[in-house]
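S.K.: Quick one: this structure, given as structure tokens, is what I'll be asking you about.
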Amino acid sequence: MGLKIIGTGAALPSKIVTNDDLTAYMETSDEWISQRTGIRQRRILSGSETLLELGTTAAKQAIGEAGIIPDEIDLLIVSTLGGDYKTPSLSCLLAGELGIDCVTLDINMACCGFLSALNTVKAYINAGMAKKALIVSAEALSRLANWTERSTCVLFGDAAAAAVLQEGDSDPIFSMQVTGKNGWEHLHALRSTDNCPFNDFEDEGRLHMNGQDIYKFAVSSITARINEVLDKCALTIDDIDKVLLHQANLRIIKGAVTRFGHPDKFPHNIENYGNTSSASVPLLLHEEAKNLRRGDKLILCAFGAGLSSAACLLEW
Ligand code: ACO
């Protein structure tokens, strides 16, 4: 049994923070950030804006595009590194906002979260446990970043993006990997222990990243995952219409283009949004959707904390 996306949506915080804006808070420059990463600006939640509001807006847009009513959704998956509350989950709160009563799950798979959600939707639909599923990837990296660490905080942005899925003709094919004990510490954030007197973790709970190790992991894992899905489907990159890569660094995207060729097949929007973790692939998909035709072959591919990497070949 296959799967198809019948609607997409996206929502962004109102506040635009340019590279020049950041120079008021840290020693950095537009030149450093844009040359090393391609990023020119990002959106950041500000004032009383919440991730739930972003997720709800993106979800409603995807549902509207799909031409269905919210009640038809029987599976809601949110991918997030953390919602507005530690509990209840963002998917529970979002179900409430949408007025739907269905299976809800939050998935925390960092930047691979949308692909993990897609893989889970495939399992539910194949098992006959859902007919229509909604995935919302909603991320507020601005809340996790260490704003005193200039080599990481400049990379991230906040966003939500959504997709509605139902049974389709073509089965999505996945390649997914975690590196296990090897390398996870290069990208992590420890849960801060707040006020429990019985444990002694001393960490402010912010994101730590060894940029150069993650860079090397990104380049090798993108190549491995894309080649694995191509091999599984007996296709080559020539048969693929678009490759939607996780938007972490323009140099990483250009590295993939050098490896696979076809720069026109690798769209990017990192210039405008920075790295929005699991929202980055569905946000790019939403922006590219207007250029896609039914039957186009897409590869979605992401990498991130875990260390995890994932790719999926999907027919539009
Ligand atoms: N502004 C100005 N200078 C800076 C800044 C900044 N914002 N940040 C670091 N520097 C300085 C450093 O202090 C260092 O100075 P020094 O040479 O005097 O010591 C110099 O710039 C070089 O720093 P590096 O960290 O070595 O820079 P690098 O070229 O490795 O680029 C970067 C850093 C952009 C983070 C790169 O390593 C990278 O993109 N890595 C991959 C990150 C990634 O893909 N993450 C995705 C996974 S995370 C997720 O998706 C949730």
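The values are calculated or read from the model by the stated rules, or taken from the named source; none is laboratory data. All figures in this text were calculated on a predicted structure; none of them were measured in a lab. Because the Cβ atoms are built from the backbone with ideal geometry, glycine has one as well, and the counts that use them run over all protein chains shown.
S.K.: Can you give me the number of residues within the stretch 147-161 that are farther than 19 Å from His286 by Cα and away from the ligand (no atom under 12 Å from the Cβ)?
M.R.: Adding up the residues that qualify gives 0.
S.K.: Among the numbered conditions (1) over 27 Å from Ser151 (Cα atoms); (2) surrounded by fewer than 16 Cβ atoms within 10 Å (Cβ to Cβ), tell me where Asn182 comes up short.
M.R.: With (1) over 27 Å from Ser151 (Cα atoms); (2) surrounded by fewer than 16 Cβ atoms within 10 Å (Cβ to Cβ) applied to Asn182, the lone miss is (1).
S.K.: Every residue in the stretch 108-133 that is within 16 Å of the ligand (Cβ to nearest atom) and surrounded by fewer than 21 Cβ atoms within 10 Å (Cβ to Cβ), please.
M.R.: Across the stretch 108-133, the qualifying residue is only Asn108.
S.K.: Could you tell me whether Arg206 is over 28 Å from Pro263 (Cα atoms), of a type in the set (Lys, Arg) and within 12 Å of the ligand (Cβ to nearest atom)? Quick ask: steps written out before the conclusion?
M.R.: Numbers: over 28 Å from Pro263 (Cα atoms): yes; of a type in the set (Lys, Arg): yes; within 12 Å of the ligand (Cβ to nearest atom): no.
No.
S.K.: Name the helices (runs of 4 or more DSSP H) wholly inside the stretch 14-91 in which the number of residues that are more than 22 Å from Leu285 (Cα to Cα), aromatic (Phe, Trp, Tyr) and within 12 Å of the ligand (Cβ to nearest atom) is 1 or more.
M.R.: Hits in the stretch 14-91: 30-37.
Per-residue answers, yes or no, for (1) touching a residue at least 12 places away in the same chain (Cβ under 8 Å); (2) over 15 Å from Ile39 (Cα atoms); (3) under 16 Å from the mean Cα position of the chain (by Cα):
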position: Ala248; (1), (2), (3): yes, no, yes
position: Arg259; (1), (2), (3): yes, yes, no
position: His262; (1), (2), (3): yes, yes, no
position: His268; (1), (2), (3): yes, no, yes
position: Asn275; (1), (2), (3): yes, no, yes
position: Ala279; (1), (2), (3): yes, yes, yes
position: Leu300; (1), (2), (3): yes, yes, yes
position: Ser309; (1), (2), (3): yes, yes, yes
position: Trp316; (1), (2), (3): yes, yes, no
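S.K.: Could you identify the single residue in Gly180, Gly205 that is in contact with a Lys or Arg (Cβ under 7 Å, 6 or more places away or on another chain) and part of a loop (DSSP other than H, G, I, E, B)?
M.R.: Testing whether each residue is in contact with a Lys or Arg (Cβ under 7 Å, 6 or more places away or on another chain) and part of a loop (DSSP other than H, G, I, E, B) leaves just Gly205.
S.K.: Further, regarding this structure: Residues that are β-branched (Val, Ile, Thr), at pLDDT below 95 and within 14 Å of the ligand (Cβ to nearest atom): does the stretch 193-201 have at least one?
M.R.: No; the residues of the stretch 193-201 include none that is β-branched (Val, Ile, Thr), at pLDDT below 95 and within 14 Å of the ligand (Cβ to nearest atom).
S.K.: Which number in (1) modelled with pLDDT of 95 or more; (2) over 20 Å from the mean Cα position of the chain (by Cα); (3) within 30 Å of Thr18 (Cβ to Cβ) marks the one condition that Glu204 misses?
M.R.: Of the numbered conditions (1) modelled with pLDDT of 95 or more; (2) over 20 Å from the mean Cα position of the chain (by Cα); (3) within 30 Å of Thr18 (Cβ to Cβ), the odd one out for Glu204 is (1).
S.K.: What's the number of the condition Val136 fails, among (1) under 19 Å from the mean Cα position of the chain (by Cα); (2) within 16 Å of the ligand (Cβ to nearest atom); (3) not in a helix (DSSP H, G or I)?
M.R.: Val136 satisfies all of (1) under 19 Å from the mean Cα position of the chain (by Cα); (2) within 16 Å of the ligand (Cβ to nearest atom); (3) not in a helix (DSSP H, G or I) except (2).
S.K.: Go over the candidates Leu235, Leu230, Leu298, Leu292 one by one and state the one that is buried (at least 18 other Cβ atoms within 10 Å of the Cβ) and farther than 30 Å from Lys181 by Cβ.
M.R.: Leu298
S.K.: Okay, moving on. Within the stretch 218-233, which residues are more than 13 Å from Gly255 (Cα to Cα) and polar (S, T, N, Q)?
M.R.: Asn227
S.K.: Of the residues that make up the stretch 256-278, is at least one away from the ligand (no atom under 16 Å from the Cβ) and aromatic (Phe, Trp, Tyr)?
M.R.: Checked against the condition, which is being away from the ligand (no atom under 16 Å from the Cβ) and aromatic (Phe, Trp, Tyr), the stretch 256-278 yields at least one hit.
S.K.: Which one of Ala162, Ala145, Ala138 is crowded, with 18+ Cβ neighbours inside 10 Å and more than 29 Å from Gly7 (Cα to Cα)?
M.R.: Ala145
S.K.: Kindly provide the set of residues from the stretch 157-177 that are assigned to a loop (DSSP other than H, G, I, E, B) and of a type outside the set (D, E, K, R), ordered by number.
M.R.: Gly157, Ser170, Pro172, listed by residue number.
S.K.: Checking Asp238 against (1) touching a residue at least 40 places away in the same chain (Cβ under 8 Å); (2) in a helix (DSSP H, G or I); (3) not polar (S, T, N, Q): exactly one of these is not met. Which one?
M.R.: (1)
S.K.: Return yes when Leu307 is crowded, with 18+ Cβ neighbours inside 10 Å, closer than 21 Å to Arg143 by Cβ, within 16 Å of the ligand (Cβ to nearest atom) and not assigned by TED's automatic domain parsing to the domain that holds Arg150 and no when it is not.
M.R.: It is false that Leu307 is crowded, with 18+ Cβ neighbours inside 10 Å, closer than 21 Å to Arg143 by Cβ, within 16 Å of the ligand (Cβ to nearest atom) and not assigned by TED's automatic domain parsing to the domain that holds Arg150.
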